[in-house]
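The structure appears right after this line, and notes come after that.
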Amino acid sequence: MPFFQKDKDVRIHYREEGSGFPLFIIYGGGLNSAVSYPAGPFDAFEEFKSEYRCISMDLRNSPVGQSTGPLDADGAWDALTGDQLALLDHLGVKQFFVMGFCIGNPLIWNLQKHAPGRIVAAVSAQPSGIDPKDPMFLARNNLTKWAPDFMARRPEVSKESVEKFLDRMYRGKDFVLTVSRDFVRNCQTPLLVLPDDVPAHPLEVSLEMPRIAPNGQQSLYPWKDTPENVKLAVRHVRTFLKANRLAGN
Amino acid sequence: MLIIPGGGLNSKIDFYTLTAPFHASQEFMSEYRCITPDLRNAPEGKSSGPLEVDRPWDSHTDDQLGLMEHLGFKKFLVMGFCIGGPFIWNLLKRAPERIVAAVISQPSGLRPEAPTMSYDNNLKGWGPQICAMRKDINMEQVEKFLRNMYMDKDFVYTVSRDFVKSCKTNVLIMPDDVPAHPYVVAMESARLAPNAEVCLYPWKDSKENIALALRHVRTFLKANRPVA
């Protein structure tokens, strides 16, 4: 799979399959997000590459991926969003669909904030968000599930830097982490949410997003519990994307 | 878009303003030509005709297809509430080439633990009403009509599970769970039909959820509208 040299420090490993209108796919796994998602509820590339130009990338410094760059505590979410937009620019993509799993949710909202008008429609599956009862869960989760592998691969990065980075990503955040409820209320982009209910993907956030987003929709729930329900949810996604392609975009 | 109102055998145009979860014509008339008939012999409607005791479902399906033919529509979308569920499956059986896509809202179906419920309810409710209005119809005919309509039936009344499994038409199912609209039947039909979708559930319980379900319907119709 190809690499994109964003600048002298940041190198992005990405995947591109299929043709048609671009569908940017952000896989789950927290900061381990990469170009494939074996633990995912469905294989988005396989499902959609016959209809769309599917693009995904390893998140910068995902230990299971090959993208590399500084651990940017000051940039935090914006640094990751900057990588995504730079890759899409590099590939000549102006407008696109975005489908995100898990950490894809805060990254989608940050894309909406930084690139208004470029996202034609968004699908947020198993969205990450802040559970008010345990607001630092995501930070702890990444400290145990991402940080050890990352530090093993990057011994020059100190534990303090990792903690500072996670602190900037997750401390003092609310709801979808990267934007406010008012931003969601004002966002006109069509949104389809496929809810989940695990500690990293609080159901309350899944349900609130489509209800306050003026063009939000929600899939059936639960949908990950059986192959039949996954199929029903994927059909909803396909229809949603098709309708928004036909909307003249 | 043919819209089949709910209300069982009293299915009629003003269902929208009475018990419907949303006003389908008002929701979609800016995008679609919405056509709604009173069901033949709905006591509170204005459609009339013989009580075809030997072909209850098909006589109504004839009316629906005949109306669309009369209006010049070879192909159409269909949205049905309640009794509209069995009617839509019958339309898909009788005229599969004409139905572009179907939205099945709060579908009626046979509840295995109460298989005579629709028969019983209509025998007590609709039967005496129609007999009082139509001197040419008696309760013996009504009983036979309802027996052929509802007794010894299964699932969605008008077609078999095998038919649903083989039906390639895109359908969106909006489940309900009241005695006449069994959730299990709605979900089973959605899981069997190869191109079915299902909306969130519950969806009728709040304005917010109805709005979410309607956005799904609108998307579904848009995605399935034939390109001119």
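Evaluate the stretch B:114-133: report whether one residue or more is among the hydrophobic types (A, V, I, L, M, F, W, C) and either in contact with a strand residue (DSSP E or B) (Cβ under 6 Å, 6 or more places away or on another chain) or at positive phi (or both). Walk me through how you get there before you give the answer.
Applying the first criterion (among the hydrophobic types (A, V, I, L, M, F, W, C)) to the stretch B:114-133 yields B:114, B:117, B:123, B:126, B:130-133.
So of that shortlist, the ones also either in contact with a strand residue (DSSP E or B) (Cβ under 6 Å, 6 or more places away or on another chain) or at positive phi (or both) come out as none.
No, there is no match, as no residue in the stretch B:114-133 is among the hydrophobic types (A, V, I, L, M, F, W, C) and either in contact with a strand residue (DSSP E or B) (Cβ under 6 Å, 6 or more places away or on another chain) or at positive phi (or both).
Could you check how many residues of the stretch B:19-34 are in contact (Cβ under 8 Å) with a residue 24 or more places away in the chain and under 17 Å from B:Gly7 (Cα atoms)? Give the steps one after another, and end with the answer.
Step one: filter the stretch B:19-34 for residues in contact (Cβ under 8 Å) with a residue 24 or more places away in the chain, giving B:20-22, B:24, B:27-28, B:31-34.
Checking the rest, the ones that are also under 17 Å from B:Gly7 (Cα atoms) come to B:20-22, B:24.
Here the count works out to 4.
Quick grid of which residues meet (1) touching a strand residue (DSSP E or B) at 6+ places or on another chain (Cβ under 6 Å); (2) among the aliphatic types (A, V, I, L, M); (3) in a loop (DSSP other than H, G, I, E, B):
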site: A:Ala139; (1), (2), (3): no, yes, no
site: A:Thr144; (1), (2), (3): no, no, no
site: A:Arg168; (1), (2), (3): no, no, no
site: A:Gln188; (1), (2), (3): no, no, yes
site: A:Lys242; (1), (2), (3): no, no, no
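I'd like the full set of residues that are of a type outside the set (Ser, Thr, Tyr) and surrounded by fewer than 21 Cβ atoms within 10 Å (Cβ to Cβ), limited to the stretch A:21-39. Explain how you work it out, then say what you get.
Going residue by residue through the stretch A:21-39, those that are of a type outside the set (Ser, Thr, Tyr) are A:21-26, A:28-32, A:34-35, A:38-39.
Those that are of a type outside the set (Ser, Thr, Tyr) and surrounded by fewer than 21 Cβ atoms within 10 Å (Cβ to Cβ): A:Phe21, A:Gly30, A:Pro38, A:Ala39.
What number of residues within the stretch B:199-210 are part of a helix (DSSP H, G or I), surrounded by fewer than 19 Cβ atoms within 10 Å (Cβ to Cβ) and more than 7 Å from chain A (Cβ to nearest Cβ)? Full working, then the answer.
Step one: list which residues in the stretch B:199-210 are part of a helix (DSSP H, G or I), which gives B:207-210.
If we keep only those that are surrounded by fewer than 19 Cβ atoms within 10 Å (Cβ to Cβ) too, we end up with B:207-208, B:210.
Next cut, more than 7 Å from chain A (Cβ to nearest Cβ) only: B:207, B:210.
The qualifying residues number 2.
Could you list, in sequence order, all residues of the stretch A:214-247 that are of a type outside the set (A, V, I, L, M, F, W, C) and closer than 18 Å to A:Gly117 by Cα? Quick ask: steps written out before the conclusion?
If we filter the stretch A:214-247 for residues that are of a type outside the set (A, V, I, L, M, F, W, C), which is where we start, we get A:214-219, A:221-222, A:224-229, A:231, A:235-236, A:238-239, A:242, A:244-245.
Answer for the stretch A:214-247, where residues must be of a type outside the set (A, V, I, L, M, F, W, C) and closer than 18 Å to A:Gly117 by Cα: A:Pro214, A:Asn215, A:Gly216, A:Asn244, A:Arg245.
Kindly indicate whether A:Gly216 is of a type outside the set (D, E, K, R) and surrounded by 15 or more Cβ atoms within 10 Å (Cβ to Cβ). Walk me through it before giving the result.
Details: of a type outside the set (D, E, K, R): yes; surrounded by 15 or more Cβ atoms within 10 Å (Cβ to Cβ): yes.
Spelling it out, A:Gly216 is indeed of a type outside the set (D, E, K, R) and surrounded by 15 or more Cβ atoms within 10 Å (Cβ to Cβ).
Hey, does the stretch A:161-168 have a residue that's without any contact (Cβ under 8 Å) to a residue 60 or more places away in the chain and aromatic (Phe, Trp, Tyr)?
No: zero hits.
Can you tell me which residues in the stretch A:60-91 are among the charged types (D, E, K, R), surrounded by fewer than 17 Cβ atoms within 10 Å (Cβ to Cβ) and more than 20 Å from A:Glu160 (Cα to Cα)?
Keep residues of the stretch A:60-91 that are among the charged types (D, E, K, R), which gives A:60, A:72, A:74, A:78, A:83, A:89.
With surrounded by fewer than 17 Cβ atoms within 10 Å (Cβ to Cβ) added as a condition, the list becomes A:74, A:78, A:89.
Of everything in the stretch A:60-91, those that are among the charged types (D, E, K, R), surrounded by fewer than 17 Cβ atoms within 10 Å (Cβ to Cβ) and more than 20 Å from A:Glu160 (Cα to Cα) turn out to be A:Asp78, A:Asp89.
Which one is surrounded by the fewest Cβ atoms within 10 Å (Cβ to Cβ), of the residues in the stretch B:154-193 that are within 14 Å of another protein chain (Cβ to nearest Cβ) and assigned to a strand (DSSP E or B)?
Only one residue fits best here, namely B:Asn170.
Starting from residues that are among the hydrophobic types (A, V, I, L, M, F, W, C) and outside any helix (DSSP H, G or I), keep the ones in the stretch A:190-218 and report whichever is farthest from A:Ile103 (Cα to Cα).
Pass one, the stretch A:190-218, residues among the hydrophobic types (A, V, I, L, M, F, W, C): A:191-194, A:198, A:200, A:203, A:205, A:207, A:209, A:212-213.
Next, from what is left, pick out any that are outside any helix (DSSP H, G or I): A:191-194, A:198, A:200, A:213.
Working: A:Leu191: 16, A:Leu192: 16, A:Val193: 13, A:Leu194: 13, A:Val198: 13, A:Ala200: 9, A:Ala213: 19 Å.
My answer is A:Ala213.
Tell me which residues, restricted to the stretch A:213-232, are at the interface with chain B (Cβ under 9 Å from one of its Cβ atoms) and closer than 24 Å to A:Pro106 by Cα. Write out each step before concluding.
Just the residues of the stretch A:213-232 that are at the interface with chain B (Cβ under 9 Å from one of its Cβ atoms), to begin with: A:215-221, A:226, A:228-229, A:231-232.
Within the stretch A:213-232, A:Asn215, A:Gly216, A:Gln217, A:Gln218, A:Ser219, A:Leu220, A:Tyr221 meet the criteria.
Taking the condition exposed (fewer than 15 other Cβ atoms within 10 Å of the Cβ) and more than 9 Å from chain B (Cβ to nearest Cβ), does A:Val157 pass? Break it down stepwise before answering.
Working: exposed (fewer than 15 other Cβ atoms within 10 Å of the Cβ): no; more than 9 Å from chain B (Cβ to nearest Cβ): yes.
Spelling it out, it is not the case that A:Val157 is exposed (fewer than 15 other Cβ atoms within 10 Å of the Cβ) and more than 9 Å from chain B (Cβ to nearest Cβ).
Among what's in the stretch A:172-186 and is in a helix (DSSP H, G or I), without any contact (Cβ under 8 Å) to a residue 60 or more places away in the chain and away from every other protein chain (no Cβ under 14 Å), pick the residue that is surrounded by the most Cβ atoms within 10 Å (Cβ to Cβ).
Taking the stretch A:172-186 first, the residues in a helix (DSSP H, G or I) are A:181-186.
Next cut, without any contact (Cβ under 8 Å) to a residue 60 or more places away in the chain only: A:181-182, A:185-186.
Next cut, away from every other protein chain (no Cβ under 14 Å) only: A:181-182, A:186.
Working: A:Arg181: 14, A:Asp182: 9, A:Asn186: 12.
Filtering first and then ranking leaves A:Arg181.
State yes or no: is A:Leu191 within 11 Å of another protein chain (Cβ to nearest Cβ), surrounded by 15 or more Cβ atoms within 10 Å (Cβ to Cβ), closer than 14 Å to A:Trp109 by Cβ and of a type in the set (A, V, I, L, M, F, W, C)? So that I can check it myself, show each step before the final result.
Working: within 11 Å of another protein chain (Cβ to nearest Cβ): yes; surrounded by 15 or more Cβ atoms within 10 Å (Cβ to Cβ): yes; closer than 14 Å to A:Trp109 by Cβ: yes; of a type in the set (A, V, I, L, M, F, W, C): yes.
Taking the combined requirement at face value, the residue satisfies it.
Listed residues B:Ile130, B:Ile137; which is away from chain A (no Cβ under 14 Å), among the β-branched types (Val, Ile, Thr), surrounded by fewer than 21 Cβ atoms within 10 Å (Cβ to Cβ) and within 26 Å of B:Ala42 (Cβ to Cβ)?
Details: B:Ile130 fails: surrounded by fewer than 21 Cβ atoms within 10 Å (Cβ to Cβ).
That would be B:Ile137, the only listed residue that is away from chain A (no Cβ under 14 Å), among the β-branched types (Val, Ile, Thr), surrounded by fewer than 21 Cβ atoms within 10 Å (Cβ to Cβ) and within 26 Å of B:Ala42 (Cβ to Cβ).
State whether one or more residues within the stretch B:213-225 are out of contact with any strand residue (DSSP E or B) (no Cβ under 8 Å at 6 or more places or on another chain) and over 30 Å from A:Ile212 (Cβ atoms).
For the stretch B:213-225, residues out of contact with any strand residue (DSSP E or B) (no Cβ under 8 Å at 6 or more places or on another chain) and over 30 Å from A:Ile212 (Cβ atoms): absent.
Out of B:Ala213, B:Ala196, which single residue is surrounded by 20 or more Cβ atoms within 10 Å (Cβ to Cβ), closer than 26 Å to A:Pro190 by Cβ, touching a Cys at 6+ places or on another chain (Cβ under 7 Å) and within 12 Å of another protein chain (Cβ to nearest Cβ)? Write out each step before concluding.
Working: B:Ala196 fails: touching a Cys at 6+ places or on another chain (Cβ under 7 Å).
Only one candidate passes the filter, namely B:Ala213.
Read-outs throughout are calculated quantities, based only on the coordinates presented, and are distinct from any laboratory measurement. Just so we're clear, the structure is a prediction, and the values are computed from it rather than from any experiment. Cβ atoms come from the backbone with ideal geometry, glycine included; neighbour counts cover every protein chain shown.
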